[in-house]
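This report concerns only the one structure given below.
What follows draws every value from the coordinates through simple rules; no lab data is involved. Computed from a predicted structure; not experimentally measured. In this analysis, Cβ positions are derived from the backbone assuming ideal geometry, glycine residues included, and neighbour counts consider all displayed protein chains.
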Amino acid sequence: MRIAVLDDEPLQLELIEQVVSQAGHVCRLHRSGVAFLQDLRRESFDMLLVDWEVPDLSGPEIVRWARENLPPTLPIVFITHRSEESDLVEGLACGADDFLVKPVRVAELQARIAALLRRAYPQAKDDVLEFGPYRFTQSTFTAEFQGQNVLLTHREFALAVLLFQNEGRLMSRDHLREAVWGQNAEMLSRTLDTHVSRLRQVLQLRPGQAYAISAVYGLGYRLDGQSTTTVLPEAAPAPPSA
């Protein structure tokens with residue numbers, strides 16, 4: 001999972017980064033509210049950890065923007081020195097899912113992050129995943145389209161499953177790269193595009209089919225289910241009566 005963190009205290013950022021990384025997640029750190037919003041506009045994340053008070057923007061402003069512009073299921077947690085009941089009420093009212101008061105206890109932060117991620121992104125327990133005419137068997141990395149086997153490499157398979165599990169969600173290029181190739185993997189800039197192009201071809205993920213992959217210039221890719229409603233032609237007008 002990718003988690004974006006906003007806090008202007010270096011020691012707090014270091015602590016949160018350690019907790020997030022030890023849990024196996026990717027952590028993107030920010031000390032400025034403006035820089036945080038810029039990153040949210042061009043990247044995709046699975047969770048936001050937001051300080052209430054930073055020099056240039058307030059936490060509630062940022063959370064309200066996120067709720068208006070980002071997926072509604074995105075978990076957002078306030079981490080703040082504020083501890084009054086009125087602060088808790090305001091924080092939850094503006095769209096946060098949880099509220100932690102500094103100094104943060106490591107075990108509690110770990111538990112809150114894990115609980116919110118489980119709720120927002122339930123892990124598929126079944127080995128076989130089905131999406132319309134598509135069937136993916138995770139233990140054998142095999143894919144089927146309309147009952148026919150489709151040969152995919154392990155990375156193509158992982159990329160396809162990731163896109164299907166996030167149907168309708170814009171996934172940034174870095175998000176896809178980190179999830180499929182690993183956080184520190186080196187890859188040519190066109191590698192991701194080549195993999196997406198092949199998935200479009202072999203799985204027929206294009207307009208007119210059950211699903212289509214669309215590219216959002218400069219940001220990433222999104223998989224959308226397509227409407228299968230047939231539009232019938234209008235009936236011819238009745239001839240005028242004699």
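Counting only C-alpha contacts under 8 Å and six or more residues apart, can you give the relative contact order of the chain as a whole percent? Working shown, then result.
Values: 321 pairs, mean separation 32.7, N = 242.
The normalised contact order for the chain reaches 14 percent.
All other residues whose Cβ lies under 11 angstrom from that of R198 are scored, Lys and Arg at +1 and Asp and Glu at -1, for a net of 0.
In plain terms, the chain is cut at each of the GluC sites (Glu not before Pro) found in a DSSP loop with at most 10 other Cβ atoms within 10 Å, and the longest leftover piece is 85-185.
Kirkwood analysis of the Cα pair distances in the stretch 2-120 returns a hydrodynamic radius of 14.0 Å.
If you wrap the Cα atoms of the chain in a convex hull and average its projected area over all directions, you get 19.9 nm². Within the stretch 141-225, list the trypsin sites (Lys or Arg not before Pro) lying in a DSSP loop whose Cβ has at most 15 other Cβ atoms in a 10 Å radius. Here the trypsin sites (Lys or Arg not before Pro) that fit, given the DSSP loop and packing criteria, are R190. Subtracting the Cα-Cα distance of A23 and A212 from 0.36 nm times their residue separation leaves 64.7 nm of extension gain.
For R206, the amide hydrogen comes within under 5 Å of the amide hydrogens of Y211, I213, counting only partners 5 or more places away or on other chains and with H modelled in the peptide plane.
Charged neighbours of L11, selected by a Cβ distance under 14 Å, balance to -4 (K, R count +1; D, E count -1).
Fully extending the segment from D127 to D56 would add 20.9 nm, taking 0.36 nm per residue of separation and subtracting the current Cα-Cα distance. Once the C-beta distance of Q183 and T153 is scaled by a Förster radius of 25 Å, the resulting FRET efficiency is 0.80 to the nearest 0.05. In the chain, the DSSP beta bridges split such that about 55 percent are antiparallel, to the nearest 5.
For a quick check: sort D97, D8 by the number of other beta carbons within 10 angstrom, fewest at the front.
On the way: D97 20, D8 15.
Neighbour counts put them in this order, fewest first: D8, D97.
Starting from 0.36 nm per residue, how many nanometres of slack lie between L92 and R190 once their C-alpha separation is accounted for?
Details: separation 98, 0.36 × 98 = 35.28 nm, distance 4.16 nm.
Stretched out fully, the L92 to R190 stretch lengthens by 31.1 nm.
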